[in-house]
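*Asks:* This structure is in structure tokens; I'll ask about it shortly.
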Amino acid sequence: TPPKAPIVWTIAGSDSGGGAGIQADLLTFKDFNVHGCSIITATTAQNSERVEKIECASKEMIECCVDVLSDDLPAKSVKLGMLGSREAAEIISKFLLGFEGAAVCDPVMAATSGSSLSPAENYEDLYFDKIIPFCSITTPNLIEAEKLAGMKITSHDDMVAAAKVLLKKGARCVLMKGGHFEEAGKFSSDFFCSERENFWVISNRIASENTHGTGCTLSSAICSCLALGYDMKDSVMLAKAYTTQGIERSKYLKLGSGPGPVSHMGFPNISKHFPKVAESLNFSEEGEFLFKLPLCHRNWGLYPIVEDSKWVQKMSELGVRDIQLRIKNKPFEHIEEEISKSKKICEKSDARLWVNDHYGLAVKYGAYGVHMGQEDLQENGFEKVCEELARKSVRLGVSTHSYYELAKAMMFHPSYIAIGPVFETESKRVSHSPRGSSEVKKFRSFLPNEIPLIAIGGISLENGRSVLEAGAEGLAVISAVKKSDDVERTVSDWGKLFL
């Protein structure tokens, strides 16, 4: 039996000009390989310059669509756009009460041309009574956020305050889009906020007048990713990359006299379109990152992770050029001594020593680089670690398990990115599901050429080739070498994968 594509619904208005609404949603669903169903709340007569007329669908028709689709094509996730009428909101609210999947609310108020698309009734009352509290995420632009929060938004600080107002009013999660700030410079900064965390999603600003349907495209991309099994933060990262890619490619198209539509041209796959994540906006307009960490080599191969200097000695004698020393649950003095010994061993054999976590000792003994996980970086302070390593020209490799973690790491432009676990592994207990070779390929596409991708987790001689073909430059292993009965032969066999 062939696999079934996840089913997603869009409940929104129809754009006769083909750039936004149901039309944009279905194009987005297709690009993410999900099956899109549509419930049309209103039909608009519009072009790129104006909305001439809006005609709402009947209560009976909307109810019938919900019932018919629920019977045979139930949704895994739902995107809500233009409501059209209070009657439509009532029907949608009733549906959401019993819906167990994810719902994405794009509170559509106006077309890109400036024409109103909101119902005549009180907008704020309608959404907070009927829709937003039952949705997984709400994605207002600044104009919509002002209406919903009941306050003017003229700065990034106002965005933070307004998003928190929306949470207090019942929103579960908010992605407030900051693209309308004319003075925002080379970056477009959106604010993500939930009860548990908040951060800025930063994208390169694209100079294009063709932005019709950006909000529909972003929200339907989030909806698609949630249906595919990505969590909320990963869904936002991929949706932002997709939307930025669409705006970039729309520059080369001209349809109509007004703002043209965002392009829909497949799953995102270009590094400059992938967003970055920051806790604050305190970074230079001249660059995306605060400190220039040194780049590392590109001639990667087997990358064993070992527990003491004896293993470092053994690996270096067998010609391994990159070795990570990872010592856990030992006294500090023991760790320092092992790092010192390992550094001397690597100097004699031209091997490159990477130290796991202990960046201070790596700097002290002149290690080639440090490998750190996101939690350890957070605990020690991203900026503090990067500043010290950059000053001493020590490289930094960063573990990532998700697109959100990749976006967070890329704010500091690390020397390499590690993705894992790629496959099931017994060497280290992790809370993240295996990514698989297909995700390795996607990760690679989001990295600049100068940053190597290292794959780790469950990699073997049998599956290693597929990981390299997906775009990984190095293969990090623990038990594959450590548990081998013939280490010399094992290292030789691994080396053949890179020929």
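The values are calculated or read from the model by the stated rules, or taken from the named source; none is laboratory data. Computed from a predicted structure; not experimentally measured. Backbone-built Cβ (ideal geometry, glycine too); neighbour counts: all protein chains shown. For the accessible areas, the whole protein counts, side chains as well, though only heavy atoms, and no ligand, DNA or RNA atoms are used. Shrake-Rupley method; radii C 1.70, N 1.55, O 1.52, S 1.80 Å.
*Asks:* So is residue 278 under 14 Å from residue 201 (Cβ atoms), touching a Ser or Thr at 6+ places or on another chain (Cβ under 8 Å) and aliphatic (A, V, I, L, M) or not? Quick ask: steps written out before the conclusion?
*Replies:* Details: under 14 Å from residue 201 (Cβ atoms): yes; touching a Ser or Thr at 6+ places or on another chain (Cβ under 8 Å): no; aliphatic (A, V, I, L, M): yes.
So residue 278 fails the test.
*Asks:* Here's another thing I want to ask about it. What strands (runs of 3 or more DSSP E) lie completely within the range 168-283 and have 2 or more residues being more than 13 Å from the chain's Cα centre (by Cα) and at pLDDT 95 or above? Break it down stepwise before answering.
*Replies:* Working: elements: 173-176, 187-194, 198-204, 276-278.
Correct list: 173-176, 187-194.
*Asks:* For the range 299-327, which positions are open to solvent by less than 20 Å² (accessible area, probe 1.4 Å) and of a type in the set (Asp, Glu)?
*Replies:* Once the filter is applied, which keeps residues that are open to solvent by less than 20 Å² (accessible area, probe 1.4 Å) and of a type in the set (Asp, Glu), the range 299-327 yields only 322.
*Asks:* Looking at the range 343-370, which of its residues are hydroxyl-bearing (Ser, Thr, Tyr) and farther than 21 Å from residue 416 by Cα? Spell out the reasoning first.
*Replies:* Going residue by residue through the range 343-370, those that are hydroxyl-bearing (Ser, Thr, Tyr) are 349, 359, 365, 368.
349 - this is the single residue of the range 343-370 that is hydroxyl-bearing (Ser, Thr, Tyr) and farther than 21 Å from residue 416 by Cα.
Here is a yes/no grid of residues against (1) closer than 30 Å to residue 292 by Cβ; (2) of a type in the set (A, V, I, L, M); (3) free of Cβ contacts under 8 Å to residues at least 24 places away in the same chain:
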| residue | (1), (2), (3) |
| --- | --- |
| 444 | yes, no, no |
| 472 | yes, yes, no |
| 483 | no, no, yes |
| 488 | no, no, no |
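*Asks:* If you take the residues of the range 67-93 that are in a loop (DSSP other than H, G, I, E, B) and not basic (Lys, Arg), which of them is farthest from the chain's Cα centre (by Cα)?
*Replies:* Of the range 67-93, the ones in a loop (DSSP other than H, G, I, E, B) are 73-76, 81-85.
Retained after the next criterion (residues that are not basic (Lys, Arg)): 73-75, 81-85.
Details: 73: 28, 74: 27, 75: 23, 81: 22, 82: 26, 83: 28, 84: 31, 85: 34 Å.
If we take residues in the range 67-93 being in a loop (DSSP other than H, G, I, E, B) and not basic (Lys, Arg), then 85 is farthest from the chain's Cα centre (by Cα).
Results for (1) within 27 Å of residue 471 (Cβ to Cβ); (2) open to solvent by less than 40 Å² (accessible area, probe 1.4 Å); (3) not small (Gly, Ala, Ser), shown as yes or no for each residue.
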| position | (1), (2), (3) |
| --- | --- |
| 220 | no, yes, no |
| 226 | yes, yes, yes |
| 237 | yes, yes, yes |
| 248 | yes, yes, yes |
| 265 | yes, no, yes |
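*Asks:* Would you point out the residue of the range 365-380, among those that are open to solvent by 30 Å² or more (accessible area, probe 1.4 Å) and of a type in the set (S, T, N, Q), that is farthest from the chain's Cα centre (by Cα)?
*Replies:* Step one: of the range 365-380, the residues open to solvent by 30 Å² or more (accessible area, probe 1.4 Å) are 365-366, 368, 375-376, 378-380.
Checking the rest, the ones that are also of a type in the set (S, T, N, Q) come to 378, 380.
Working: 378: 18, 380: 23 Å.
Ranking the candidates gives 380 first.
*Asks:* Turning to a different aspect of this structure: For the subset of the range 127-140 comprising residues that are outside any loop (DSSP other than H, G, I, E, B), surrounded by fewer than 22 Cβ atoms within 10 Å (Cβ to Cβ) and not charged (D, E, K, R), which member is farthest from the chain's Cα centre (by Cα)? Don't jump to the end; show me each part of the working.
*Replies:* Just the residues of the range 127-140 that are outside any loop (DSSP other than H, G, I, E, B), to begin with: 127-130, 132-134, 137-138.
Among the residues that remain, those that are also surrounded by fewer than 22 Cβ atoms within 10 Å (Cβ to Cβ) are: 128-130, 133-134.
With the extra rule that they be not charged (D, E, K, R), the set shrinks to 128, 133-134.
Numbers: 128: 28, 133: 24, 134: 24 Å.
The residue in question is 128.
*Asks:* Okay, next question. Is there a residue being of a type in the set (D, E, K, R), in contact with a helix residue (DSSP H, G or I) (Cβ under 6 Å, 6 or more places away or on another chain) and within 30 Å of residue 231 (Cβ to Cβ) anywhere in the range 24-47? Quick ask: steps written out before the conclusion?
*Replies:* Filtering the range 24-47 for residues of a type in the set (D, E, K, R) gives 25, 30-31.
Those left that are additionally in contact with a helix residue (DSSP H, G or I) (Cβ under 6 Å, 6 or more places away or on another chain): 25.
Adding the requirement that they be within 30 Å of residue 231 (Cβ to Cβ) leaves 25.
Yes, because at least one residue in the range 24-47 is of a type in the set (D, E, K, R), in contact with a helix residue (DSSP H, G or I) (Cβ under 6 Å, 6 or more places away or on another chain) and within 30 Å of residue 231 (Cβ to Cβ).
*Asks:* Further, regarding this structure: Residue check: is residue 416 within 18 Å of residue 353 (Cβ to Cβ) and not basic (Lys, Arg)? Please lay out each step first, then the result.
*Replies:* Numbers: within 18 Å of residue 353 (Cβ to Cβ): yes; not basic (Lys, Arg): yes.
Judged against the criteria, residue 416 is a match.
*Asks:* Let me ask something additional. Evaluate the following for residue 330: is it open to solvent by 50 Å² or more (accessible area, probe 1.4 Å), farther than 20 Å from residue 477 by Cα and part of a loop (DSSP other than H, G, I, E, B)?
*Replies:* Working: open to solvent by 50 Å² or more (accessible area, probe 1.4 Å): yes; farther than 20 Å from residue 477 by Cα: yes; part of a loop (DSSP other than H, G, I, E, B): yes.
Here the answer is yes, as residue 330 does meet what is asked.
*Asks:* Continuing with the same structure: Need a quick list: strands (runs of 3 or more DSSP E) entirely within the range 381-499 having at least 1 residues that are open to solvent by 40 Å² or more (accessible area, probe 1.4 Å) and under 17 Å from residue 369 (Cβ atoms). If you could, list the steps in order and put the result at the bottom.
*Replies:* Details: elements: 395-400, 416-419, 453-456, 474-477.
The qualifying strands (runs of 3 or more DSSP E) are 395-400, 453-456.
*Asks:* Follow-up. Just wondering, is there one or more residues in the range 485-492 that are in contact with a Ser or Thr (Cβ under 8 Å, 6 or more places away or on another chain), closer than 21 Å to residue 311 by Cα and modelled with pLDDT of 95 or more?
*Replies:* Initial filter on the range 485-492 (in contact with a Ser or Thr (Cβ under 8 Å, 6 or more places away or on another chain)): 490.
If we keep only those that are closer than 21 Å to residue 311 by Cα as well, we get 490.
Now drop any that are not modelled with pLDDT of 95 or more, which leaves 490.
Yes, the range 485-492 has at least one match.
*Asks:* Hey, another quick one. Among 394, 430, 422, which is touching a Gly at 6+ places or on another chain (Cβ under 8 Å) and modelled with pLDDT under 95? Full working, then the answer.
*Replies:* Numbers: 394 fails: modelled with pLDDT under 95; 422 fails: modelled with pLDDT under 95.
After ruling out the rest, the residue left standing is 430.
*Asks:* Could you say whether any residue in the range 302-310 is out of contact with any Ser or Thr (no Cβ under 6 Å at 6 or more places or on another chain) and part of a loop (DSSP other than H, G, I, E, B)? Before the answer, list the steps.
*Replies:* Filtering the range 302-310 down to residues out of contact with any Ser or Thr (no Cβ under 6 Å at 6 or more places or on another chain) leaves 302-308, 310.
After this cut, where a residue has to be part of a loop (DSSP other than H, G, I, E, B) as well, the list is 307-308.
Taking every residue of the range 302-310 in turn, at least one turns out to be out of contact with any Ser or Thr (no Cβ under 6 Å at 6 or more places or on another chain) and part of a loop (DSSP other than H, G, I, E, B).
*Asks:* Looking at the range 1-66, what strands (runs of 3 or more DSSP E) fall wholly within it and have at least 1 residues that are among the hydroxyl-bearing types (Ser, Thr, Tyr), open to solvent by less than 70 Å² (accessible area, probe 1.4 Å) and in contact (Cβ under 8 Å) with a residue 12 or more places away in the chain?
*Replies:* Working: elements: 7-15, 35-46, 51-56.
In the range 1-66, the matching strands (runs of 3 or more DSSP E) lie at 7-15, 35-46.
*Asks:* Take the residues in the range 97-109 that are open to solvent by less than 10 Å² (accessible area, probe 1.4 Å) and not β-branched (Val, Ile, Thr), then tell me which one is nearest to residue 134 (Cα to Cα).
*Replies:* As a first pass, look at the range 97-109 and keep what is open to solvent by less than 10 Å² (accessible area, probe 1.4 Å): 103-107.
Then keep just the ones that are not β-branched (Val, Ile, Thr); that gives 103, 105-107.
Working: 103: 8, 105: 9, 106: 13, 107: 13 Å.
Taking the candidates together, the pick is 103.
*Asks:* Please go through (1) among the hydrophobic types (A, V, I, L, M, F, W, C); (2) more than 28 Å from the chain's Cα centre (by Cα); (3) open to solvent by 20 Å² or more (accessible area, probe 1.4 Å) for residue 362 and return the number of the only condition it doesn't satisfy.
*Replies:* Checking residue 362 against (1) among the hydrophobic types (A, V, I, L, M, F, W, C); (2) more than 28 Å from the chain's Cα centre (by Cα); (3) open to solvent by 20 Å² or more (accessible area, probe 1.4 Å), the one that fails is (3).
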